[in-house]
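Peer 1: Next up is a structure, given as structure tokens.
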Amino acid sequence: MTSRKPQTEAFIAAVGHKITSCGVVIHEDGTVTYYLSGEESPEKKAKVEAEQKAKREKKAAQRQENLKRSQEAAEERQRQIEIAYKKQSIAEALASRTMESSRFTYTATSEVMSSVVAAYEKNIMGATDIL
């Protein structure tokens, strides 16, 4: 084994590696081959692992956020469908302009019907402001 040059060790350390072995091979034809082997320093390994972990955590957090937004959107769509269904039910009930309560029959005019629907809509919209 040959002695290592300080410049080589400094360069290798600067890029986050550690020399594990090095040497020179002199071939029969007189050519020379130099070799150097190494591995990442523990600090470099820790840094790479920390970066990978941070990326995985960021990805997982993004998936969770997307899932949450998707669920909220689905809940809002469901709420809007329920409101539309209730409005339609009231409108259909008022369309006959006749409502029975016990022994009495009430006949509503179109003005009364539109007032009832408006009051219902106002009540629904007021309830959504609370949410």
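Peer 1: If you plug each phi of segment 10-17 into the Karplus form 6.51 cos²θ - 1.76 cosθ + 1.60 with θ = phi - 60°, what whole-Hz ³J(HN,Hα) values come out, in order, with x for Gly and Pro?
Peer 2: 5, 5, 4, 5, 5, 8, x, 10
Peer 1: Right, something else. Give the shape of segment 1-84 as rounded, prolate or oblate, defined through the alpha-carbon gyration tensor: a ≥ b ≥ c are the square roots of its eigenvalues, a/c under 1.5 means rounded, and otherwise the shape is prolate if a/b is larger than b/c and oblate if not.
Peer 2: Here segment 1-84 falls in the prolate category.
Peer 1: Which aspartates and glutamates does Lys18 reach when only Cα atoms under 13 Å apart count, and residues fewer than 8 places away in its own chain are ignored?
Peer 2: Those aspartates and glutamates meeting the cut-off are Glu9, Glu39, Glu40, Glu43.
Peer 1: What is the extension gain from Ala13 to Arg69, computed as 0.36 nm multiplied by their sequence separation minus the C-alpha to C-alpha distance, in nm to one decimal?
Peer 2: 15.5 nm
Read-outs: derived from the displayed coordinates by stated rules, not from any lab. Only a predicted model underlies this, so the values are computations on that prediction, with no experimental measurement involved.
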